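Chemist: Quick one: the structure is below, and I'll ask about it shortly.
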Amino acid sequence: MNRPIRIALTKGRLEEKSVSMFEQLGYDCSSVRNKGRKLILPIPEANLEVVLAKAADVATYVENGVCDLGILGKDTILEMGGTFYEVADLGFGRCRFALAVPQGMDFYAGYHTRCIASKYVNVTKSVFERKNMDVKIVKIEGSVELAPILGLSDAIVDIVETGTTLRENGLMVAEYLTEVSARLIVNIASLKLHKAEIEPLINQIEAFINREGKRDGACKS
Ligand code: PRP
């Protein structure tokens, strides 16, 4: 094999739990823990390399085969689509898509065309297509809660975990949508070409998820 098996992890909210899962599986992740500004971190004794990237880039790297495996949220998979195998629900990073509005607002009152701000324009589009409701969608890159506060939109579609961000910004959930969590994805060609290395790793991760699930009686977020 020319290079180590490469796994792309999502920086930020899923990073700690992903790294901790690998540590609990017995991998020495000290290079990841002490990464500084480095973005490719080797785990030499396991012939693994960890890449840290934004969720959407994790999907792109795995789809294009420059990373063999990836961990990212189902929210990004639903938004981006992508050609890869989604092999496991890791149980952590659980949150829900929600339609949120300013406190006290009745989203469905009146007849005007609603404006919805979201980072997830495709998810938002399909939510309102299912409702057969015509809406205007505005793409916002982050801190989407600002859009209704500033008067740009009537509502937002976003992921909600604890609900703190909504609460602290005078917003409330009007409707919960799909539940999402961290997923393990694999490049289609890698799974064939590097089956001997990748399959045991997937099995190890699946056994870990089952153990965690049994220990807690449910998947942990
Ligand atoms: C996400 C999401 C909300 C927040 C919800 O943002 O977009 O803003 O987390 O979490 P809570 O319900 O626990 O408050 P994230 O922190 O991923 O950053 P972003 O706004 O830059 O996308």
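Chemist: Starting from region 98-158, pick out the GluC sites (Glu not before Pro) whose DSSP state is loop and whose Cβ has at most 11 other Cβ atoms within 10 Å.
Modeler: Sites meeting the loop and neighbour criteria: Glu141.
Chemist: For Arg130, Arg6, what's the fewest-to-most ordering of other Cβ within 10 Å of each Cβ?
Modeler: Fewest to most other Cβ atoms nearby, the residues stand as Arg130, Arg6.
Chemist: Determine, for His112, His194, the number of other Cβ atoms within 10 Å of each Cβ, and report the residues in order from fewest to most.
Modeler: Fewest-to-most ranking of His112, His194: His112, His194.
Chemist: What percent antiparallel are the DSSP beta bridges of the chain, to the nearest 5?
Modeler: Percent antiparallel among DSSP bridges in the chain is about 60.
Chemist: For Thr164, Thr10, what ranking results if the residue with the fewest other Cβ atoms within 10 Å of its Cβ goes first?
Modeler: Ascending Cβ contact count within 10 Å gives the list Thr164, Thr10.
Chemist: Check region 11-111 and count each lysine pair with an alpha-carbon distance under 14 angstrom, considering only pairs eight or more places apart or from different chains.
Modeler: The result is 4.
Chemist: Can you pull a Stokes-Einstein diffusion coefficient for region 70-181 at 4 °C (1.567 mPa s), Rh from Kirkwood over Cα pairs, as a whole number of µm²/s?
Modeler: 89 µm²/s
Chemist: Using Cα pairs under 8 angstrom and six or more residues apart, how large is the relative contact order of the chain, in percent?
Modeler: The normalised contact order for the chain reaches 26 percent.
Chemist: What are the extents of the Cα atoms of the chain along their three principal axes, in Å, largest first?
Modeler: Principal-axis extents of the Cα atoms in the chain, largest first: 61, 34, 33 Å.
Chemist: With springs only between Cα atoms under 10 Å apart, run a GNM on the chain and tell me which of Asn34, Asn169, Asn203 wobbles the most.
Modeler: In this elastic network of the chain, the residue with the biggest mean-square fluctuation among Asn34, Asn169, Asn203 is Asn34.
Chemist: Calculate, in nm to one decimal, what Glu168 and Phe107 gain on full extension: separation in residues at 0.36 nm each, minus their alpha carbon distance.
Modeler: 20.0 nm
Chemist: Something else about it: Hey, what number do you get for the chain at 222 nm if only DSSP H runs of n ≥ 4 count, each worth -39500 (n - 2.57), divided across all residues, to the nearest 500?
Modeler: -10000 deg cm²/dmol
Laboratory data are not the source of any read-out in this text; all were calculated from the coordinates shown. No experiment lies behind these values; they were computed from the predicted model shown. Ideal geometry is used to build each Cβ from the backbone, glycine not excepted, and the neighbour counts take in all protein chains shown.
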